[in-house]
1. Which residue, of Leu150, Leu115, is in contact (Cβ under 8 Å) with a residue 24 or more places away in the chain, more than 16 Å from ligand 2 (Cβ to nearest atom) and under 26 Å from Asp223 (Cα atoms)?
2. Determine whether Leu150 is away from ligand 1 (no atom under 11 Å from the Cβ), within 18 Å of Val309 (Cβ to Cβ), more than 18 Å from the chain's Cα centre (by Cα) and outside any helix (DSSP H, G or I).
3. Can you run down the residue pairs with Cβ atoms below 6 Å, 6 or more apart or on separate chains, where the first is in region 231-257 and on the phi < 0 side of the Ramachandran plot and small (Gly, Ala, Ser) and the partner is more than 16 Å from ligand 1 (Cβ to nearest atom) and part of a strand (DSSP E or B)?
4. What strands (runs of 3 or more DSSP E) completely inside region 154-228 contain at least 2 residues that are among the acidic types (Asp, Glu) and either away from ligand 1 (no atom under 16 Å from the Cβ) or in the same structural domain as Val240 (by TED's automatic domain parsing) (or both)?
5. Filtering region 3-47 down to residues that are within 16 Å of ligand 2 (Cβ to nearest atom) and of a type in the set (Gly, Ala, Ser), which residue is surrounded by the most Cβ atoms within 10 Å (Cβ to Cβ)?
6. Can you pull out every residue in region 76-95 that is in contact (Cβ under 8 Å) with a residue 40 or more places away in the chain, buried (at least 21 other Cβ atoms within 10 Å of the Cβ) and not acidic (Asp, Glu)?
7. Kindly indicate whether Leu98 is buried (at least 20 other Cβ atoms within 10 Å of the Cβ) and under 17 Å from Asp302 (Cβ atoms).
8. What is the one condition in (1) surrounded by fewer than 23 Cβ atoms within 10 Å (Cβ to Cβ); (2) touching a residue at least 24 places away in the same chain (Cβ under 8 Å); (3) not hydrophobic (A, V, I, L, M, F, W, C) that Gly123 does not satisfy?
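The values are calculated or read from the model by the stated rules, or taken from the named source; none is laboratory data. None of these values were measured; they are calculated from a predicted model. Using ideal geometry, Cβ is built from the backbone for each residue, glycine included, and neighbour counts are taken over all protein chains shown.
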Amino acid sequence: GPLGVAVIGTGKMGADHVRRLHEVTNGARVAAVADVDAERAKRAADGIEGCSVHTDPIAAMRADGVEAVLIASPGPAHEAALLAAFAHDLPVLCEKPLTPDAASALRVLEAERRLGHRRVQVGFMRRYDTEYARLKSLLDSGELGRPLMLHNRHRNVSTPPGFTSAMLISDSVVHEMDITRWLLGQEITAVTVLCPTPSGNAPEGLRDPQLVLFETDGGAVVDVEINVNCGFGYQVQAEVVCERGTARIGDGHALVTTAAGRWGGAVAQDFVERFEDAYDRQMQAWVDATRRGEVTGPSAWDGYATAAVCEAGVRAQTGGGRIAVELVERPDFYR
Ligand code: NAD
Ligand code: ISE
């Protein structure tokens, strides 16, 4: 039968994942939902037959028919939910970030290692985006030669209340950290952050935009414009400069119209729209692998490595200059 999934956290992402599992994904069903806000959990489960509703994530993991867990609570709640899923030996798809800092991410790695088999896929969904996947294939083919530089732009319309300067790095640029490591097959070794005078669109006190620079162990240099109150749309763009050519994605040229003396197209307004296909493919890949008894996709190691880069980035942002990234040696378990 279909894989019974418990969804932990039914806010913006969790509710969308519930809908996706119920309406889009093949071979899965939502068996339980949990949210500390009982009303939210109830709303998410509305109309889904056989889905039990909980306020306690562990009760949801133990509910009838649950065979796998999707964690979509806020980052600080992930560690407890991951450890509980391990205790019940349940496979997990965990929204990014794995955990908010490297020390807690290491505890998760250790706990997974003690199980003796991988259990976690981290929700770095950009790896499932068609454009990023094409870019990766092109780079892997070697046709353009060695990647020298990677330029990224990451723009959001606006930030929710409570979004801090550190979150530009740990909540937003964390995606570029993962995609850089994945596209180039290299680890990030140092981070530098430069901040222009904040935009007038940014809430009082928020350092927005920022320019974030990564150096990698393969000698590449990467820049990220993070600009999260741009007002005009949601844009994620990347251009790789290689020895024999360049390649770029994210221009959003799927539909260009020409009329009345002008040409143009629409700009996506948020990640749910821009990455809809990526979220769908990520979920299907996780469900398919789980039903085969396999774990694929971004691992807890990727969650740990990005958490370590985030820590360096936040230090660099607060006047630290160029900050080296400290990683433990990668265990064979994650090779
Ligand atoms: P949100 O605030 O909309 O939803 C979080 C929900 O979790 C809320 O309903 C809250 O009541 C509930 N919650 C809080 N503590 C809980 C706990 N201990 N147990 C169970 N539920 C709890 O947040 P969101 O935007 O949906 O983000 C959720 C996660 O998804 C975060 O990890 C975030 O980083 C990630 N996210 C990923 C993407 C992406 O592009 N992949 C986009 C946005 C958010
Ligand atoms: C959000 O949490 C995401 O993960 C989005 O993909 C990103 O674009 C946004 O900046 C984050 O806040």
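1. Details: Leu115 fails: under 26 Å from Asp223 (Cα atoms).
Answer to the check: Leu150.
2. Values: away from ligand 1 (no atom under 11 Å from the Cβ): yes; within 18 Å of Val309 (Cβ to Cβ): yes; more than 18 Å from the chain's Cα centre (by Cα): yes; outside any helix (DSSP H, G or I): yes.
So Leu150 passes the test.
3. Note: pairs meeting the criteria are Ala238/Ile249; Ala247/Val240.
4. Values: elements: 188-194, 210-216, 221-227.
Filter on region 154-228 gives 221-227.
5. Ranking the candidates gives Gly9 first.
6. Of everything in region 76-95, those that are in contact (Cβ under 8 Å) with a residue 40 or more places away in the chain, buried (at least 21 other Cβ atoms within 10 Å of the Cβ) and not acidic (Asp, Glu) turn out to be Ala81, Pro91, Leu93, Cys94.
7. Values: buried (at least 20 other Cβ atoms within 10 Å of the Cβ): yes; under 17 Å from Asp302 (Cβ atoms): yes.
Taking the combined requirement at face value, the residue satisfies it.
8. Here Gly123 clears every test but (1).
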